[in-house]
1. Would you kindly derive the ³J(HN,Hα) couplings of region 141-150 from the backbone phi angles with the Karplus curve 6.51 cos²θ - 1.76 cosθ + 1.60 (θ = phi - 60°), listing them in order in whole Hz, with x for Gly and Pro?
2. Can you give the translational diffusion coefficient of region 77-117 in µm²/s, computed by Stokes-Einstein from the Kirkwood radius over Cα pairs at 37 °C and 0.692 mPa s?
3. Apply the Karplus curve 6.51 cos²θ - 1.76 cosθ + 1.60, θ = phi - 60°, to the phi angles in region 39-46 and return the couplings in whole Hz, x for Gly and Pro.
4. If you average the C-alpha positions of region 6-63 and of region 78-155 separately, how far apart do those two centres end up, in angstrom?
5. From the phi of every residue in region 168-184, what ³J(HN,Hα) in whole Hz does the Karplus formula 6.51 cos²θ - 1.76 cosθ + 1.60 yield, where θ is phi - 60° and glycine or proline is x?
6. For the chain, what does the helix formula give at 222 nm: sum of -39500 (n - 2.57) over DSSP H segments with n ≥ 4, over the residue count, nearest 500 deg cm²/dmol?
7. With the convex hull built on the Cα atoms of the chain, state its orientation-averaged projected area in nm².
8. What nm distance separates the two modelled labels at residue 53 and residue 94, each placed 7 Å from Cα along Cα→Cβ?
Amino acid sequence: MRISARDLLPPIERYTERLLLRPFRRRDIEALYTAVRDSQAELAEYLPWATKTFTRAGAAGFVRESMRSWREGKAYDFTIRLQERPERHVGNISIWHVSRSSRSGEIGYWIRTEDTGRGIATEATHAALRIGFEDLSMHRMVLRVAVGNKASERVATKLGFVREGVLREEIQVGGRWMDHSVWGLLDHEYRCLTRTGRGRKTPDSVNPDGR
Ligand SMILES: CC(C)(COP(=O)(O)OP(=O)(O)OC[C@H]1O[C@@H](n2cnc3c(N)ncnc32)[C@H](O)[C@@H]1OP(=O)(O)O)[C@@H](O)C(=O)NCCC(=O)NCCS
């Protein structure tokens, strides 16, 4: 399928109140590897790729694939950085098309363990919703959350997602089948939440100087 210009996201930096989100570059490999290694036990609970054998080569492969996917308009992966400490990788957030014809997309994320509990996932996901609905003209955005992942369910709830149902044994993590709950947000719901201030934790801008 030919990708229209509106489905291609420019590879620019995005800023929220505390965060910088930007596409991956080759020199991010070490920072990504360190963040995954330091968070491996917590990530491995829900993310099948985050095994003890995750290597620098794995991080390099991710960055290479991420750069290609962005160019091809398949998926947009962002490295999450704190503006006050931009050299450190604090997590990933990604947006991808589920169906281009139905204008639906999905968001996925993880946060480095030592930075959890500070609202970073919520702030980054809010920025991803803005990109999805405003830049990519999505009609519907979803999160798939492992049943029992209370922190991630809370992120979805805080941002106004509606829990729509459960996909049974959708994913195998560490040899164990897990159910996923599907959380959806529609464009008109997002606009309503944004207008009323709910689901809008922080003001976003493309750049702090307004570029
Ligand atoms: C899930 C995850 C992304 C959350 O990141 P985070 O930056 O800590 O999220 P936030 O701080 O924005 O919000 C987390 C919320 O969950 C709450 N929370 C955390 N652990 C909880 C628990 N066990 N039970 C109930 N609530 C919990 C926090 O208190 C917070 O809510 P609050 O703001 O109302 O106090 C992070 O823990 C992570 O990466 N986990 C491992 C990988 C993963 O699960 N990825 C998501 C797959 S869908």
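Read the figures in this text as sums done on the coordinates, not as results from a lab. Given the structure is predicted, the values throughout are model-derived calculations rather than measurements. Here Cβ is always computed from backbone atoms with ideal geometry, including for glycine, and neighbour counts include all displayed protein chains.
1. Once rounded to whole Hz, the list reads 10, 10, 10, 10, 10, 4, 4, x, 7, 4.
2. 282 µm²/s
3. 10, 3, 4, 6, 5, 5, 5, 10
4. With region 6-63 and region 78-155 each reduced to a Cα centre, they are spaced 12 Å.
5. These are the phi-based 3J(HN,Hα) values: 6, 6, 7, 9, 10, 10, x, x, 10, 6, 10, 7, 10, 8, 9, 10, x Hz.
6. Helix contribution divided over all residues of the chain: -9000 deg cm²/dmol.
7. 11.7 nm²
8. 2.0 nm
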